[in-house]
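The block underneath contains the structure these notes are about, expressed in structure tokens.
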Amino acid sequence: MKGPKIVVIGAGSAIFGLANLGAIMRTESLKGATLALCDINAEGLEKIRKLAERINQEWDSEMRIETSTDRCDLLPGADFVIISIAIDREKCWKSDFLLGQQFGIMHYAENGGPGGFFHAARNMAILMPIFKDIERLAPEALVLNFSNPMTRICTAAARYTKLKMVGICHQLDHGYLMAARILGPALGMDTSRDYVFRWESGGDVAGKLVEAGHKRFNILASGINHFTWYKSIVDKETGEELLPLFKKLFLEQKEFEPYTRAVLEAYGECPTSGDAHCLEYLPFTSNMERKTWERMDIQMYPLDIQDQNRDDMWKEIEAMGSGEKSIDCLKHEHTERAELIAAAVWNDENYYDYAVNIPNTNGVIANMERDAIVEVPAVMNKHGVLGIATGDLSPIAATLCNRQKTIVDYAVKGMVEGDYQASLTALALDPMIDDLDIARKLLDEGLRINADYLPQFHQ
């Protein structure tokens, strides 16, 4: 049986090579697929190709491996296009973080706030031409986007193209982690009672908490990417609704995710994404003078150590590609779910996914606007990605998510069209910016220091 053609744009990435590559090639129902790998980084792409060829031979994946630095060579006939790109990731992320501090704003600088604007604008300058090439050369392909900021990129695709796109993110895993950490002791689960999130340590513990959470609970959450809200936590063993108990136990402790706990205490509603991400959409930690980050023990992404981590990953990829190291570990590598979605759509498998980003066209979140990009559970089959209706968000969650939707509307217009006024409006609406003069100065300075990345503003 002929398999699908899967094109991966951004394949010459260490992160992609050790996650999605192994997951796609170990999926039995994708045997016989054409796997077309594309990246402008020719050296990295060649290393990934060697690894893919070895996996193909040893795992009997029966795939045809193609590579090119020109996506237009690979896109014709594509059934699925996976996009995972980032532009000078750590360098630019640090620049955005410091730009905020220059104007007295402390923020995570990835998906929301002023950093989220410039992060999206840089990626948009590269992604829009990619979208147009897919639209021209593979108009029927299902596009699986991993690139951040997820909501803004998926919104741009929906507004400016006819692409069929679904955004994939694993952040709800943190919601499962929090459920296991908070509810575990009360339910007699074998979970860490004193785990506190740290980037530099505890990775194995975090992974076990996520695994334990998925094993024990069914979580229903909805909202927007990195800002979804718990609607239900059901115990798989008893069928009991545990969300009220979760909230009660969360409020009784103070050490774990103190910012999320404070949001729950203030609103009676709990976001799922953890302290570092949910703060990107709220104003309560942005004032540097109040030192809320220190008080709330917020963990900033470890930008300074990621280059070393990436170097280590490339050494591992080279060793596996050359045969010096076993590839068995890739059979168990954490999945980012691209292969599950592609296999379900191709083979009509009715796969359920707990969190995808899609247009709210059918009102799967009833009290959000129909042209919003929302994150909801979905079923995938031959008809595509079918969002599951989750009803209304609570009034508070709906207010906060709809406010972000308005910001995204202006931001996307600004960053796609190079529209200065729309960009200024987006920053002036952002809850992290409380001074209109700062909004303008921050925009001007951000456009200046990012000039090489933002041709849409400097034509």
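Couple of notes before you dig in:
- Among residues that are at pLDDT 95 or above, touching a Ser or Thr at 6+ places or on another chain (Cβ under 8 Å) and buried (at least 17 other Cβ atoms within 10 Å of the Cβ), Val408 is included.
- Extreme residue, nearest to the chain's Cα centre (by Cα), among residues of region 215-241 that are of a type in the set (Ser, Thr, Tyr) and assigned to a strand (DSSP E or B): Thr228
Residue by residue, here is whether (1) without any contact (Cβ under 8 Å) to a residue 24 or more places away in the chain; (2) surrounded by fewer than 15 Cβ atoms within 10 Å (Cβ to Cβ) holds:
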{"residue": "Thr292", "(1), (2)": "no, no"}
{"residue": "Ile305", "(1), (2)": "no, yes"}
{"residue": "Met313", "(1), (2)": "no, no"}
{"residue": "Glu324", "(1), (2)": "yes, yes"}
{"residue": "Asp328", "(1), (2)": "yes, yes"}
{"residue": "Lys331", "(1), (2)": "no, yes"}
{"residue": "Thr335", "(1), (2)": "no, no"}
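- If you filter region 246-257 down to residues that are open to solvent by 40 Å² or more (accessible area, probe 1.4 Å) and out of contact with any Leu (no Cβ under 7 Å at 6 or more places or on another chain), you find that the one that is nearest to Met368 (Cα to Cα) is Lys248.
- Listing of helices (runs of 4 or more DSSP H) fully contained in region 268-354 that carry 2 or more residues being modelled with pLDDT of 90 or more and touching a strand residue (DSSP E or B) at 6+ places or on another chain (Cβ under 8 Å): 275-278, 338-347
- Only one entry in Leu393, Leu454, Leu386, Leu442 is crowded, with 21+ Cβ neighbours inside 10 Å and under 28 Å from Leu144 (Cα atoms), namely Leu393.
- Residue match in region 20-37 (condition: assigned to a loop (DSSP other than H, G, I, E, B), open to solvent by 10 Å² or more (accessible area, probe 1.4 Å), among the β-branched types (Val, Ile, Thr) and in contact with a helix residue (DSSP H, G or I) (Cβ under 6 Å, 6 or more places away or on another chain)): yes
- Selection count, region 177-204, where residues are in a helix (DSSP H, G or I) and closer than 20 Å to Tyr301 by Cα: 4
- Of residues in region 151-180 being hydroxyl-bearing (Ser, Thr, Tyr) and touching a Phe, Trp or Tyr at 6+ places or on another chain (Cβ under 8 Å), the one most open to solvent (accessible area, probe 1.4 Å): Tyr160
So that you can scan it fast, the table gives a plain yes or no per residue for (1) closer than 19 Å to Met165 by Cα; (2) in contact (Cβ under 8 Å) with a residue 60 or more places away in the chain; (3) aromatic (Phe, Trp, Tyr); (4) crowded, with 19+ Cβ neighbours inside 10 Å:
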| site | (1), (2), (3), (4) |
| --- | --- |
| Pro359 | yes, yes, no, yes |
| Ala372 | yes, yes, no, yes |
| Lys382 | yes, no, no, no |
| Gly414 | no, yes, no, yes |
| Glu417 | no, no, no, no |
| Ala422 | no, no, no, no |
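- Filtered residues of region 110-121 (kept if surrounded by 22 or more Cβ atoms within 10 Å (Cβ to Cβ) and touching a residue at least 24 places away in the same chain (Cβ under 8 Å)): Asn111, Gly112, Gly113, Pro114, Gly116, Phe117, Phe118, His119, Ala120, Ala121
- Index of the failed condition, Thr69 passing every other in (1) under 19 Å from Met128 (Cα atoms); (2) of a type in the set (Val, Ile, Thr); (3) more than 26 Å from the chain's Cα centre (by Cα): (3)
- All of (1) surrounded by fewer than 16 Cβ atoms within 10 Å (Cβ to Cβ); (2) more than 27 Å from the chain's Cα centre (by Cα) hold for Asn56 with one exception: (1).
The values are calculated or read from the model by the stated rules, or taken from the named source; none is laboratory data. Remember, predicted model here, so these are calculated numbers, not experimental data. So basically every Cβ, Gly included, is an ideal-geometry build from the backbone, and we count neighbours across all protein chains shown. Calculation scope for accessible area: heavy atoms of the full protein, side chains included, ligands and nucleic acids excluded. Shrake-Rupley method; radii C 1.70, N 1.55, O 1.52, S 1.80 Å.
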